[in-house]
Amino acid sequence: MVAYAVVAANAGLILSFWWLSSGFEIMRTASDAFNGLGRVTGLVGTYLVLVQLLLMARIPWLERALGLEQMAVLHKWNGYLAISLLLAHGIFQTLGYQLGDGKDVFAQLADFINSYTGLLAAIVSLGLFIAVVVVSITIARRRLAYETWYFIHLYTYLAVALAFSHQIATGVDFAGNPAFVYYWELLYLLVGGLLVLYRVIGPLAAFQRHGFRVQAVEREARGVFSIYISGRDLDKFEIEAGQFAFWRFLDGRRWWQSHPFSLSAVPDGRTLRITVKNIGDFTGGVHTLKPGTPVLLEGPFGKFAERPDGSKVLLIAGGIGITPLRPLAEEMAEDGFDVQLLYRAHDEGGIVFKKELDLMAGHQGVRIAYLLTDSGGRRVDREAWFRPDSLARLVPDLAQREIYVCGPEPMLHTLRRSLAKLGVPAGQIRAEVFRLL
């Protein structure tokens, strides 16, 4: 893939600059070896942080090529690799200078701070990167409010700026090598420009054209609310059933954060509808949104808009994962597809869009099975519905259907295992799991 080739080619160029500037010195002494390893791990680690920012830029063509799920996986492992290399950079450089200067660790660190321009900024930058990674680890993230997680991630930009100032000021590989300096600056400008273009200019331009505003907020089910968005010329705004966007509501409480929500109704050219479940600080207060509140919108994204090759589809929703599948079912049924929907919910009161789905079943022939984990006092294990025997019973022609899945990650993992046991190829499954970048 072109994206991977470009990333690899730039990494190779960075290694070439390093080797020609100072890399060959690692063959001389132990001190030079540690310093050389420290420089290359610092360069590559910082480069991977820039790649991380590209993954956060929400570039439409990149999202279409990779999909949000794959981008989220890349973001996770690239982040771990980047921080590992930056930690190695600090350790190797400290060891290298220690061997050369004959100082202990603390004396060497004090010398770094007192004698080398930009080293204090570098230490602060590394601390910020570590903080971002720590709060991204699943166990830690589950204990944090989304707002806290989001706010800490904003420090990534400060950490990148501090790292840049340190490298240009003290980087041995940049000294006397203007070509490397220009190349490095160009990388930063390119990544920064793409971030500004897609995270700032794009949403502002869309708002200028369409003037998105909250029209109304309506309750759908227990703890679930739909937000209706109005605007100008919405028939010209290119978003389709099954897609999602990042929404930023510009009131006093929510202006600084954006959240991913799918369309929960087929776009009609007059309004857009998203539906939100109360699962956190933001979603818990969504019912307080006032009509007229301006909305910035990044997107659309999502691979669900791609239509299947065959004539049969199976949609599988878990909880609020019904939101992108509800309009997808309606539109596909209207287009003549044979549509079957499996919708897992906790109980009858937790079924979102029950009336709309029942109308779809009656008028458009969509076959719907509500899979309740608590029905009339009888409890069923959450994953039991998606075990191979259950799926084969619910959908006898499973192997003939393109499968669209949206729901919690554990549900997705269970489904992938079960479908593999039933002989369904991975390429026949399309999944959407909202992991923020």
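The values are calculated or read from the model by the stated rules, or taken from the named source; none is laboratory data. All values reported here derive from a predicted model rather than from experimental measurement. Using ideal geometry, Cβ is built from the backbone for each residue, glycine included, and neighbour counts are taken over all protein chains shown. The area values use the complete protein model at the heavy-atom level, side chains included, leaving out ligands, DNA and RNA. Shrake-Rupley method; radii C 1.70, N 1.55, O 1.52, S 1.80 Å.
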(message) Any residue in segment 356-382 that is on the phi > 0 side of the Ramachandran plot sitting within a Cβ distance under 9 Å of a residue that is β-branched (Val, Ile, Thr) and open to solvent by less than 70 Å² (accessible area, probe 1.4 Å)? List the pairs, counting only those 6 or more apart or interchain.
(response) Gly365/Val339
(request) With the checklist (1) within 25 Å of the chain's Cα centre (by Cα); (2) within 30 Å of Phe246 (Cβ to Cβ) in hand, flag the one item Arg417 doesn't pass. (result) (2)
(request) Quickly run through segment 319-347 and pick out the residues that are surrounded by 24 or more Cβ atoms within 10 Å (Cβ to Cβ) and within 19 Å of Pro410 (Cβ to Cβ). (result) Ile320, Gly321, Ile322, Thr323, Pro324, Leu325, Leu342, Tyr343, Arg344
(message) Quick check on Lys76: is it outside any helix (DSSP H, G or I) and open to solvent by 20 Å² or more (accessible area, probe 1.4 Å)?
(response) no
(request) Confirm whether Leu419 is in a helix (DSSP H, G or I), open to solvent by less than 40 Å² (accessible area, probe 1.4 Å) and out of contact with any helix residue (DSSP H, G or I) (no Cβ under 6 Å at 6 or more places or on another chain). (result) yes
(request) Only residues that are farther than 25 Å from Leu66 by Cβ and part of a helix (DSSP H, G or I): list them for segment 295-321, please. (result) Gly319
(request) Would you check if there is a residue in segment 2-13 being buried (at least 17 other Cβ atoms within 10 Å of the Cβ) and among the small types (Gly, Ala, Ser)? (result) no
(request) May I ask you to say which residue of Phe337, Phe301 is on the phi < 0 side of the Ramachandran plot and free of Cβ contacts under 8 Å to residues at least 60 places away in the same chain? (result) Phe337
(message) Filter segment 349-390 down to the residues that are open to solvent by 20 Å² or more (accessible area, probe 1.4 Å), part of a helix (DSSP H, G or I) and either in contact with a helix residue (DSSP H, G or I) (Cβ under 6 Å, 6 or more places away or on another chain) or among the aromatic types (Phe, Trp, Tyr) (or both) and list them by number.
(response) Gln364, Trp385, Pro388
(message) Within segment 180-294, considering only strands (runs of 3 or more DSSP E) that don't extend past its boundaries, which have at least 3 residues that are under 25 Å from the mean Cα position of the chain (by Cα)?
(response) 224-230, 244-249, 259-262, 271-277
(request) Collect the residues in segment 150-179 that are assigned to a helix (DSSP H, G or I) and among the small types (Gly, Ala, Ser), keeping them in residue-number order. (result) Ala159, Ala161, Ala163, Ser165, Ala169, Ala179
(message) Can you tell me which condition Ser125 does not meet? The list is (1) more than 14 Å from Phe34 (Cα to Cα); (2) at pLDDT below 85; (3) open to solvent by 30 Å² or more (accessible area, probe 1.4 Å), and all the others hold.
(response) (3)
(request) Would you mind stating whether Arg253 is open to solvent by less than 20 Å² (accessible area, probe 1.4 Å) and of a type in the set (Lys, Arg)? (result) no
(message) Looking only at segment 27-43, how many residues end up being β-branched (Val, Ile, Thr) and crowded, with 20+ Cβ neighbours inside 10 Å?
(response) 2
(request) Any chance you could count how many residues in segment 201-250 are aliphatic (A, V, I, L, M), out of contact with any helix residue (DSSP H, G or I) (no Cβ under 9 Å at 6 or more places or on another chain) and open to solvent by less than 20 Å² (accessible area, probe 1.4 Å)? (result) 5
